[in-house]
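Notes follow once the structure below has been shown.
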Amino acid sequence: MSVPSATSFLYSMKLGFLFASLLTALAGAADFDLLITNAQIADGGGGPLVQGSIAVKGGRIVAVGVVEGSADTVIDADGKVAAPGFIDVHTHSEDICLIPAAENFLRMGVTTIITGNCGHSRTDVAKFFQEIEESKVSLNVATLIGHGSVREEGMGGSFIRAPNAEQLAVMKGLVDQAMKDGAVGLSTGLIYVPGSFAKTDELIALAKVAAAHDGIYVSHMRYETVRIFEALDEIIRIASEAKIRAEVSHIKLSGPTAWGKAHEVLAVLDKARGEGLKITQDQYAYTASSTGLRQTLPDAALEGEHADFVARVSDPKKKAEIIAKMAEMRARQGRKDYGYAVIARCRADPSLNGKTIPEAAKMRRGADTLEDQIETIIEIEKQGGASAIFHGMSEEDLQIFLKHPLTMIASDGGPRRLGEDVPHPRSYGNNARVLGRYVRELKLLTLPEAVRRMTSLPAQTFHLKDRGMLKAGAHADIVIFDPEKVTDPSTFDDPHHYAEGFEHVIVNGGVTIRDGKLTKKRSGGPLRMGQ
Ligand SMILES: [Zn+2]
């Protein structure tokens, strides 16, 4: 009678275990908050993978390698790769508070983004960061202060000129305040109005302000065409005269006339580095770019308000000048027409989304001659414009840039809502594409090297403290992925697919993706310079 049955014995064992766990939890006695076991660790430094565990406590990594101890949460990595969370240094995420989970980034392993690129940013960085804090975002968000935005605010409506002394002082003040509020540097977009009207000395003056706060100068350069060498001279001059680190954004060669010059471009940058300048570059792994369709129009047509553009194209003489300039632009890039441009998002007419310009011309005008294509572009801009995808690069150049040891992997994308518009697939797949296509299939890079370009290299370049490496003391941004399965199913025709192969994603110690599923954890926030 006194011998307990097997079931009740097990039951009391279970109760005892639960009781012990409860005591442990009450006393906070587990050694770690999180323990990742059985991982192949790519620590971000580029060295060979090492088998081991990673322990996390209080949002930081406390041990890597052979780890003994208990934890509140244990994730068995099952032999998959554990790497630092990826840092995407080139994004356009001003709308992050509207899409705070930013699942497209998380699911390709990105845990930190830098926004405010190509000269376009929020100018009140303190307010931006406060909004991010209130919206409970999933990622760490750093920002640059955008030169174009500063110019718009500081120059008051007229841009085809240099700022006067007073306006330049206002612009410097805006950069200074943004840097004090935690921006990581100054960005320019020198193909975009109004940044395109700035002369180099204006950029040097503002870059000096960013340099005084240890910021970096990040540039979508003036030319990515055959004239790229003039643009390289300019960024090198700015880095040298403002004594500032510099980053070439989304390095590329656009248009058939520019193709084949990747080695020459890298040689210019390597020479500048050899002379002591700190210059790096980033790249997305696609041969198409994406920006406003208006970039097919000359700057002079776009200066000022929308009404100014409408007035210009309504004046036959001015319109003829614009069309002549468009022909010049096409000739320089070696293009016969606009078949390389695909509309991504036309607010006034969503039926055009996903169509090439010749297709759109046919839909709207019944014909797709060059004249019809030009009229269609002007018409779309008159109705409020559209974003577009431009199939303009060569795969060979892309691979040469990708192989360079100072090329970071960055999407040039932003947070996406699944199913909305026909965006560039890079926002869903960039990092996965590098790991799947360029590491596993083409063997252009080793896995640890690709991880380094997504983690420690960006952290070192942008001075992001305690990020980008799996080591004791670092913030616990960790991704676990299957190197055999990682892939980017999103395509230009059908972009709304999350990357595959990422099983667990941890941001500042918070498990945000667990077993391939999004949790409710939102442990990101503003990432201020030096924090
Ligand atoms: Zn850009």
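Okay, here's what the table says:
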item	result
Spatial separation of Cα centroids for segment 212-287 and segment 456-484, in angstrom	25
Distance between segment 360-433 and segment 100-153 - C-alpha centres, whole angstrom	22
Furthest towards positive pole of dipole, CYS97, ALA77, GLY255, structure part the chain, Cβ charges	ALA77
Sequence-separation-based contact order of segment 374-510, relative, with Cα cut under 8 Å and 6+ spacing, percent	24
More than 37 angstrom apart: percent of Cα pairs within the chain	33
Computed over the chain: relative contact order in percent, which uses C-alpha pairs under 8 Å that are six or more apart	20
Average Cα contact separation per residue, segment 292-391, under 8 Å, 6 or more apart, as relative contact order %	33
Residues of segment 387-420 with amide N under 17 Å of the 7 Å Cα→Cβ point at MET363	387-390, 420
Size of charge dipole - the chain - debye, nearest 20, with Cβ of Lys, Arg +1 and Asp, Glu -1, no other charges	260
Pairs from LYS318/LYS355; LYS136/LYS521; LYS180/LYS208 whose Cα-Cα separation, in the structure shown, is over 18 Å	LYS318/LYS355
Burial ranking of peptide ranges 111-124, 262-275, 505-518 (average Cβ count within 10 Å, highest at the top)	111-124, 505-518, 262-275
At least 27 Å along the helix axis (C-alpha) and Kyte average at least 1.0, DSSP helices within the chain	6-27
Distant-in-sequence amide H partners of ILE41 (H built 1.01 Å from N, under 5 Å)	VAL50, GLN51, GLY52, ALA82
Cross-link partners of LYS485 among aspartates and glutamates (Cα-Cα below 17 Å; sequence separation of 8 or more within a chain)	ASP78, GLU441, GLU500, GLU503, ASP515
Cα radius of gyration and Dmax for segment 292-391 (Å)	12.5, 33
Ranked packing of 277-289, 438-450, most packed first, by mean Cβ within 10 Å	277-289, 438-450
Beta bridges per DSSP with both ends in the chain, % antiparallel, nearest 5	55
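Read the figures in this text as sums done on the coordinates, not as results from a lab. Keep in mind it's a predicted model, so treat the numbers as computed, not measured. So basically every Cβ, Gly included, is an ideal-geometry build from the backbone, and we count neighbours across all protein chains shown.
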